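Remarks on the structure that follows.
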Amino acid sequence: MKKLIALLLSVSVAAGISVPCLTQITAYAETTVSSSDESGDIETETETETPAPDEDTSLTEETAAPTATEDYSGVDNPEDEDTEMGGGVTSSNGEAGAAGGLGFFGSKFPDCRGHWAEEIIVKCTENKFLDGYDDGNFYPDNPVTASEFAKIFSAWRGSFYQITEGYWATPYIINMLDDKIFEAGDYSDYDAPMTRAQVAKAVINSLKSEYFPQNLNKYKAMIPDISDVDESYSDYLTKAYMAGIMSGYDDGTIRPNAPVTRAEVLSVIDRAVNPDTRVIPDAVSAAASDTPEMYTFYTAAVQVRRSNNAASMNYRLHSKNSQYMTENDDASGLKMSEETQGVNGFAVLFRYDLTDILKREDKLKSVSLVVNHESWGTADLGLFYNEHKISSTDWNNTAYMQVINNNAVAAADKAGYNAVVDNLMAQLPTWGDAQNAVPADKKTKPFAAAALENGQYIFNLDIKDLKAHMDDSNMVEFYLTTVNYDGYSETEENKPKIYLAGANAPQLFSTFDTDEEVSRTVRLLAESAAIEGGMLNKFGEGEDSYIENFRTDQKITYNFKASLAGRYKMRIYYSANVNSGGGTVTFDLNGSKFDHEFAQTGGWAYYVYEDLGEVNLKAGNNTLILTDKEVPNTYLINVKNIEFEKID
């Protein structure tokens, strides 16, 4: 019968047949429905607001402890090795954990006390997302079916249904199909256990506005058993892994074809719905940003613009995944860079997790927010704390955003947009209101301000002040806008455009006392370079190494590390013979390009140092690429080394 329903639902969606759609209901709204197993038709009756359902309502569709009919004996117990839920004390025999009594988190289920997922199970059962069985147990390690997943996910988002007749899961499944979380044809039997690959596809489909890079190959290479799954699921699994939603097992595998358990699915959905709970694997972070732990990428950022025009009410939600962006993403409406100007009502709300910084607070020397300037104006920028209740779900909700003409703007109900704008205007009442601008001495002062210098805004922050404004999860939120938030700065066009995504997105930069000597000089020897093209050659070793015959259509690449981020003086040690050397070379340092013209030095063996100006280096990995701008085939340049010296 359930297979027939799956077929009917799939056919109706694929063929475009109209199936009565159940509207998603706000938290703890309850809909009474009746459904027919035979036809798949659903009648929707009166919708009424009710309190949270009691434990004896239809939320508990199970009447006896389920048992798996398939043979899963070859699959290791996830609680033994699965690290995606944080590990913890195991208890697979139904006995109390080491804490005794009610276990560590007060679970009412004997078989969950001391279980690695006890905390999330307690949270979900208290919120009525699902419940245990009539024998008093929860059975956390039993498999989950697609119909059960549909109910749990719908309940998590606040949709509950009182079923009067027919198949209990029909409205939940239609909810998933309507929202394109399930796709027609995905399941032949909604009562069969779901695999981890199927769960990955469902949760990634639910993340409507999150950014993922188009080329996932380097991330797939991090998952040893990614080839075990059908290719149609490999992208979904990789994205779930990248986003920190499914982190895998201790042996590195993700086990795509294994059945997902009740405990696992709760943690996976929690991470999908609440971005702050995600744990991005270290390998993913390193591959994405090439930055050491002293850089802290935001957990979320929302850019808004005050306007009465719906198409101009920007609501651009950037998640951690935005650090992977390399260009504007039309599908999500997200931009690599955005303008920031108070009089035009542009501001960004940032959310940062201070946990990693606080782990070494005793060694902490400084914390700063580094905002990179992209173009346009140079107005001073300021930071203002979000003084209202910090929430990990309100303005993180991707349902608050829609895409119009490749631009992310507020959704039709403007709920998320209004929350962000109203909170800001409670602190800055004239933000974006030039007609009612207040004098400078009457304006609300930012807790930190910065002027544009060397292409960056650097805000020096006080860790004690940040801690005073963070929540119990070590999250802190603050707004970025112009200091002159209700007037123009110097000229009407003086609105800065800053990077909000990619490697240059705003990050907290922390320095620590490591009791180790840190080098202030970086020296690139010729032997460490990668060379491409024609007559280009490398000779010698160490200090005596050099690159010979640099000219048209050739490239020299250096990948190197710097201990300290900041401003450096750059110079090159080169030679260019009279009448046959010189030309203009393009230098690309971490994406920032400049040209330099090389003069003739008097002979191939006559090397000289030449200053190339001041540049920025990142702490950690950096890349320098030399290509010809105008080096004639008859001209050549030889290079020995390149040096960077830190500027105080």
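The values are calculated or read from the model by the stated rules, or taken from the named source; none is laboratory data. Quantities reported herein were computed from a predicted structural model and do not represent experimental measurements. Cβ: placed from backbone, ideal geometry, glycine included. Neighbour counts: every protein chain shown. All accessible areas refer to the heavy atoms of the entire protein, side chains included, with ligands and DNA or RNA removed. Shrake-Rupley method; radii C 1.70, N 1.55, O 1.52, S 1.80 Å.
State yes or no: is residue 359 within 22 Å of the chain's Cα centre (by Cα) and without any contact (Cβ under 8 Å) to a residue 12 or more places away in the chain?
Details: within 22 Å of the chain's Cα centre (by Cα): yes; without any contact (Cβ under 8 Å) to a residue 12 or more places away in the chain: yes.
Answer is yes for this residue.
When residues of segment 252-271 are filtered for being touching a Gly at 6+ places or on another chain (Cβ under 9 Å) and closer than 19 Å to residue 127 by Cα, how many remain?
Selection size over segment 252-271: 2.
Rundown of residues vs (1) at negative phi; (2) surrounded by fewer than 24 Cβ atoms within 10 Å (Cβ to Cβ); (3) touching a helix residue (DSSP H, G or I) at 6+ places or on another chain (Cβ under 6 Å); (4) modelled with pLDDT of 85 or more, yes/no style:
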| position | (1), (2), (3), (4) |
| --- | --- |
| 108 | yes, yes, no, no |
| 142 | yes, yes, yes, yes |
| 161 | yes, no, yes, no |
| 164 | yes, yes, no, no |
| 170 | yes, no, no, yes |
| 190 | yes, no, yes, yes |
| 200 | yes, no, yes, yes |
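Please work out if residue 246 is surrounded by 22 or more Cβ atoms within 10 Å (Cβ to Cβ) and within 18 Å of residue 298 (Cβ to Cβ).
Working: surrounded by 22 or more Cβ atoms within 10 Å (Cβ to Cβ): yes; within 18 Å of residue 298 (Cβ to Cβ): no.
Judged against the criteria, residue 246 is not a match.
Answer yes or no as to whether residue 559 is of a type in the set (S, T, N, Q), open to solvent by 20 Å² or more (accessible area, probe 1.4 Å) and either under 27 Å from residue 454 (Cβ atoms) or free of Cβ contacts under 8 Å to residues at least 24 places away in the same chain (or both). Please lay out each step first, then the result.
On the way: of a type in the set (S, T, N, Q): yes; open to solvent by 20 Å² or more (accessible area, probe 1.4 Å): yes; either under 27 Å from residue 454 (Cβ atoms) or free of Cβ contacts under 8 Å to residues at least 24 places away in the same chain (or both): yes.
So residue 559 passes the test.
Taking strands (runs of 3 or more DSSP E) that do not extend beyond segment 566-648, which have at least 2 residues that are over 30 Å from residue 510 (Cβ atoms) and touching a His at 6+ places or on another chain (Cβ under 9 Å)? Walk me through how you get there before you give the answer.
Details: elements: 566-575, 583-589, 592-598, 608-617, 620-630, 637-646.
The qualifying strands (runs of 3 or more DSSP E) are 583-589.
Checking residue 156 against (1) farther than 20 Å from residue 261 by Cα; (2) modelled with pLDDT under 90; (3) not small (Gly, Ala, Ser), which test does it fail?
(1)
State all residues of segment 306-361 that are in a loop (DSSP other than H, G, I, E, B), among the hydroxyl-bearing types (Ser, Thr, Tyr) and surrounded by fewer than 20 Cβ atoms within 10 Å (Cβ to Cβ); if no residue qualifies, say none.
Pass one, segment 306-361, residues in a loop (DSSP other than H, G, I, E, B): 306-309, 313, 325-328, 330-333, 335-336, 340-341, 345, 354, 360.
Subset that is among the hydroxyl-bearing types (Ser, Thr, Tyr): 307, 326, 332, 340.
Answer for segment 306-361, where residues must be in a loop (DSSP other than H, G, I, E, B), among the hydroxyl-bearing types (Ser, Thr, Tyr) and surrounded by fewer than 20 Cβ atoms within 10 Å (Cβ to Cβ): 307, 326.
Please go through segment 212-243 and pick out each residue that is under 27 Å from residue 501 (Cβ atoms), open to solvent by 50 Å² or more (accessible area, probe 1.4 Å) and over 21 Å from the mean Cα position of the chain (by Cα).
none
Among the listed residues 630, 643, 597, identify the single one that is open to solvent by less than 40 Å² (accessible area, probe 1.4 Å), charged (D, E, K, R) and touching a strand residue (DSSP E or B) at 6+ places or on another chain (Cβ under 7 Å). First the steps, then the outcome.
Values: 630 fails: open to solvent by less than 40 Å² (accessible area, probe 1.4 Å); 597 fails: open to solvent by less than 40 Å² (accessible area, probe 1.4 Å).
Step by step, each of 630, 643, 597 is checked, and only 643 is open to solvent by less than 40 Å² (accessible area, probe 1.4 Å), charged (D, E, K, R) and touching a strand residue (DSSP E or B) at 6+ places or on another chain (Cβ under 7 Å).
Given the conditions (1) modelled with pLDDT of 90 or more; (2) open to solvent by less than 50 Å² (accessible area, probe 1.4 Å); (3) closer than 30 Å to residue 503 by Cα, report the number of the one that residue 608 does not fulfil.
(3)
Among 201, 208, which is the only one that is charged (D, E, K, R) and closer than 19 Å to residue 145 by Cβ?
Values: 208 fails: closer than 19 Å to residue 145 by Cβ.
Criteria check complete, one pass: 201.
Does residue 403 satisfy the condition of being within 24 Å of the chain's Cα centre (by Cα) and open to solvent by less than 10 Å² (accessible area, probe 1.4 Å)?
Judged against the criteria, residue 403 is not a match.
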